[in-house]
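Below is one structure, written out as structure tokens, with a few remarks after it.
The values are calculated or read from the model by the stated rules, or taken from the named source; none is laboratory data. In this text the structure is predicted, and so the values were computed from the model without any measurement. In this analysis, Cβ positions are derived from the backbone assuming ideal geometry, glycine residues included, and neighbour counts consider all displayed protein chains.
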Amino acid sequence: MGVSIAVAVGLYGISFGALGVAAGLSVWQACALSALMFTGGSQFAFIGVMSGGGTLGAATLAASLLGVRNAVYGVQITALLRPSRTTRPLMAHLTIDESTATALAQPDAQEQRRGFWTAGVGVWLLWNLFTLVGAMLGERIGEPTAWGLDGAAVAAFLGLLWPRLVGRDARTIAVASAFVTLIAAPVVPAGIPIIIAAGVSGALAVLQHRSAR
């Protein structure tokens, strides 16, 4: 399971590499983002803001907000796998949507650990490999949007998000955030709609939690 997920997700690295170069990054800057940031949603948000004319600060903030979910995953993975102090830094870097989902789907502790490492290491290796391929091909394939690479990235992110929208509260937050983003996008600088949507989703989550109590 971890291997198949790694292959499927890694291929989307081509989209990031090509779009990163189109946004003005060098090949090695795109590769460095994949190796060091290593969270697809945040990476696409970063280059999306930069290519839309947003500032570095707005791009960084937008990417950071999307990366907060990995901290939540980290709490789950630490409780589930109980890593040693020596492996925690590496596990933290490999804690992404795919490695977390693969681990949580397994029936016992041994398979959970195996699933996490297989998916985490596999995605990292293939994501970085295909980022390099996409970045090197970026100037040769012309406009990435003409090939649907921007749409492929969005589809992949929605594919990860959709199964998590379980229950009315989660769907309400998703719809409200999407609506606010659509309204804000034409009138505020690039990157700001994501920040506004994050604020709206956080406020709604707090209100829902209080009403549940």
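Key figures
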{"quantity": "Residue within the range 5-18 that is without any contact (Cβ under 8 Å) to a residue 40 or more places away in the chain and buried (at least 17 other Cβ atoms within 10 Å of the Cβ) present", "calculated": "no"}
{"quantity": "Residue list for the range 49-93, filter: touching a residue at least 40 places away in the same chain (Cβ under 8 Å) and either loosely packed, with under 11 Cβ neighbours inside 10 Å or over 23 Å from residue 16 (Cβ atoms) (or both)", "calculated": "53"}
{"quantity": "Some residue of the range 36-47 being surrounded by fewer than 20 Cβ atoms within 10 Å (Cβ to Cβ), assigned by TED's automatic domain parsing to the domain that holds residue 125 and modelled with pLDDT of 90 or more", "calculated": "yes"}
